1. I need the full set of residues from region 49-66 which are within 14 Å of the chain's Cα centre (by Cα) and either of a type in the set (Val, Ile, Thr) or more than 16 Å from the ligand (Cβ to nearest atom) (or both), in order please.
2. Here is a list: Leu116, Leu69. Which entry is more than 16 Å from the ligand (Cβ to nearest atom), more than 22 Å from Phe212 (Cβ to Cβ) and hydrophobic (A, V, I, L, M, F, W, C)?
3. Looking only at region 176-193, how many residues end up being touching a Ser or Thr at 6+ places or on another chain (Cβ under 7 Å), part of a helix (DSSP H, G or I) and not hydrophobic (A, V, I, L, M, F, W, C)?
4. Which residue pairs have Cβ atoms under 7 Å apart, sit 6 or more places apart or on different chains, and have a first residue in region 52-80 that is closer than 22 Å to Gln120 by Cβ and in contact (Cβ under 8 Å) with a residue 60 or more places away in the chain and a second that is of a type outside the set (Lys, Arg) and within 16 Å of the ligand (Cβ to nearest atom)?
5. Which condition number does Glu43 fail, the rest of (1) within 30 Å of Gly113 (Cβ to Cβ); (2) open to solvent by less than 90 Å² (accessible area, probe 1.4 Å); (3) at pLDDT below 85; (4) within 15 Å of the ligand (Cβ to nearest atom) being met?
6. Among the residues in region 228-246, are any hydrophobic (A, V, I, L, M, F, W, C), farther than 26 Å from Glu142 by Cβ and open to solvent by less than 70 Å² (accessible area, probe 1.4 Å)?
7. Here is a list: Ala185, Ala230, Ala167. Which entry is in contact with a Leu (Cβ under 7 Å, 6 or more places away or on another chain) and of a type in the set (Gly, Ala, Ser)?
8. Among the residues of region 26-40, count how many are in a strand (DSSP E or B) and either more than 9 Å from the ligand (Cβ to nearest atom) or open to solvent by less than 50 Å² (accessible area, probe 1.4 Å) (or both).
Amino acid sequence: MLKRIFSRSQNNTTVPDKKAKKDVPEGLMTKCPQCQHIYYRKEVEKNLLVCPNCDHHHQMNAWTRIWSLFDEDTFIEWDKQLLSTNPLQFPAYLEKIEQDQKRTGLHEAVVTGKGLIDGQATAFAVMDASFRMGSMGSVVGEKITRAIENARKEAIPFIIFTASGGARMQEGVLSLMQMSKTSIAIERFSTAGGLMISVMTHPTTGGVTASFASLGDYNFAEPHALIGFAGRRIIEQTTREKLPDDFQTAEFLYKHGQIDQIIHRHNMKYVLSTILKMHNQNQTSKDKTSPSETAFVSIKGGRSV
Ligand SMILES: [Zn+2]
């Protein structure tokens, strides 16, 4: 069954997007940074921000991602009121946060909550790379941790879409602490039998890759997403070796077993919905046979799909 759901994405491979810029520019028309074709912006938006000509996946902001996956009017946001302070008195940090808040309409670099995907309840977190490069400060870590804890309490799965430049330098060690905090929350959730799906989108780097982004029962990625820990130049200087051209792409990591599957954006809702359905079916059949046990049914082993 799983083989079948993934086979749909096989014909949709694209060329690596070295020259890819950030978001699709504002205005009536837009140019694909990969193939240089010019389109009506609405045409690309209708296509889930995938270039109709070359299949390049443009970056998607947090709320567009939510609208693309969740059933209409079912998403409820959690912890919107959590705001960053400036614990290390880093110069101009709060001003930069404020600028990004105004520009993006977000309070922080992650939106968390719960909603229905094809009628199935799931907890959700989505990072937005346009807010402080999606970097992970205390508030980002706290919101993700709370979302995982809520998923555990409500006995529902947890899905996260990552997009991050890594730890947030203005918060120093407090930012790095979020790696262990989120990882412990995932471990507790997993021990209780919770299902976690991680989808790495362009770019997912640094401490985010090295913690929750890689800890799902399923670890997926979008085509040609940049995924890595340290930058290419640093690794080349340290190891004194020339790295392959496709190093740190989703395709390279898939080939070497670090991620389970590359999912085209057009298939994303279908794949997530199918996995949630399988999980729910297991849960229902287990509830019938042993109602006293936890509502979760672990589906460990998903990594081998
Ligand atoms: Zn294109």
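The values are calculated or read from the model by the stated rules, or taken from the named source; none is laboratory data. Everything numeric in this text was worked out from a predicted model, so none of it was measured. Using ideal geometry, Cβ is built from the backbone for each residue, glycine included, and neighbour counts are taken over all protein chains shown. When the accessible area is computed, the model is the full protein with side chains, heavy atoms only, and any ligands, DNA or RNA have been set aside. Shrake-Rupley method; radii C 1.70, N 1.55, O 1.52, S 1.80 Å.
1. If the condition is that a residue be within 14 Å of the chain's Cα centre (by Cα) and either of a type in the set (Val, Ile, Thr) or more than 16 Å from the ligand (Cβ to nearest atom) (or both), then Asn61, Ala62, Trp63, Thr64, Arg65, Ile66 are the ones that fit.
2. Numbers: Leu69 fails: more than 22 Å from Phe212 (Cβ to Cβ).
Going through Leu116, Leu69 in turn, the sole match is Leu116.
3. Keep residues of region 176-193 that are touching a Ser or Thr at 6+ places or on another chain (Cβ under 7 Å), which gives 178-179, 181-183, 185, 192-193.
Subset that is part of a helix (DSSP H, G or I): 178-179, 181-183, 185.
Filter once more, keeping what is not hydrophobic (A, V, I, L, M, F, W, C): 178, 181-183.
Number of matching residues: 4.
4. Close Cβ pairs (under 7 Å, with a partner that is of a type outside the set (Lys, Arg) and within 16 Å of the ligand (Cβ to nearest atom)) amount to Met60/Leu49; Ser68/Leu48.
5. Tallying (1) within 30 Å of Gly113 (Cβ to Cβ); (2) open to solvent by less than 90 Å² (accessible area, probe 1.4 Å); (3) at pLDDT below 85; (4) within 15 Å of the ligand (Cβ to nearest atom), Glu43 fails exactly one: (3).
6. Taking region 228-246 first, the residues hydrophobic (A, V, I, L, M, F, W, C) are 229-230, 234-235, 243.
Narrowing further to those that are farther than 26 Å from Glu142 by Cβ: 234-235, 243.
Imposing the further condition that a residue be open to solvent by less than 70 Å² (accessible area, probe 1.4 Å) reduces the set to 235, 243.
So far as region 228-246 goes, yes, one or more of its residues are hydrophobic (A, V, I, L, M, F, W, C), farther than 26 Å from Glu142 by Cβ and open to solvent by less than 70 Å² (accessible area, probe 1.4 Å).
7. Values: Ala185 fails: in contact with a Leu (Cβ under 7 Å, 6 or more places away or on another chain); Ala230 fails: in contact with a Leu (Cβ under 7 Å, 6 or more places away or on another chain).
Unique residue meeting the criteria: Ala167.
8. As a first pass, look at region 26-40 and keep what is in a strand (DSSP E or B): 29-31, 38-40.
The next check asks that each one be either more than 9 Å from the ligand (Cβ to nearest atom) or open to solvent by less than 50 Å² (accessible area, probe 1.4 Å) (or both); those that pass are 29-30, 38-40.
Of the residues in that region, 5 qualify.
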